[in-house]
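No lab work stands behind these numbers, since they all come straight from the coordinates. Owing to the predicted nature of the structure, the values given are computational and were not obtained by experimental measurement. In this analysis, Cβ positions are derived from the backbone assuming ideal geometry, glycine residues included, and neighbour counts consider all displayed protein chains.
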Amino acid sequence: MKLILNQEVTGLGAPGDVVEVKDGYGRNYLVPRGFAQLWTKGADKQIATIRRAREVREVRDTAQATEISSQLASLTVRLPARSGEGGRLFGSVTAADVVEAVSKAGGPKLDRRLVVLPHPIKSLGQHTVTVKVHPEVEATLTLEVVKG
């Protein structure tokens, strides 16, 4: 089955890529979740617009990526969150919350899909967050969740 990817799928490709997958994987997982759409002969215009949008969002080269990485490493990010007894949060900190906190702290503009949270942040204190700035460059960010 031929599909056009709408967003990044780990191990498969980036938005705008045309991929060949097994029928069940495409029909039962990728298409219903909006990760991909069926490929047609007339889809070349769609592929071009998806790729243009990706190029605007993407970091151009590794030099720019390392610059953003160093900015993130030197940045102190504080995120106020509501918490209860013992420092447990009501809910958890999401990637969108991290991106908003970085922009409020004066950091570079990030895409929430680049933020990697290995486990949900559900407590106050300092946490380490990884940001995939470029396929070859990862930045480590120290996030301090404070009572808010």
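Here is how the number arises for the chain: DSSP H runs of 4 or more residues each give -39500 (n - 2.57), the sum is divided by the residue count, and the result at 222 nm is -8000 deg cm²/dmol.
Considering only Val137, Phe35, Gly91, the residue lying farthest towards the positive end of the dipole of region 4-148 is Gly91, judged by Cα position with unit charges set on Cβ. Under the simplified labelling scheme, the Leu38-Arg112 pair shows an inter-label distance of 3.0 nm, with each label point 7 Å from Cα along Cα→Cβ. Ordering 39-51, 72-84 by mean Cβ neighbour count within 10 Å, with the highest value first, yields 72-84, 39-51. The stretch between Glu8 and Thr49 holds 13.2 nm of extra length on full extension. This uses 0.36 nm per residue minus the Cα-Cα distance. About its Cα centre, region 62-147 has a charge dipole of approximately 320 debye under the convention of +1 per Lys or Arg Cβ and -1 per Asp or Glu Cβ, with nothing else charged.
Between the C-alpha center of region 16-56 and that of region 101-123 there is a gap of 27 Å. Computed 3J(HN,Hα) for region 86-97, one whole-Hz value per residue from the Karplus formula 6.51 cos²θ - 1.76 cosθ + 1.60 where θ = phi - 60°, is x, x, 7, 7, 7, x, 8, 7, 9, 4, 5, 5, glycine and proline marked x.
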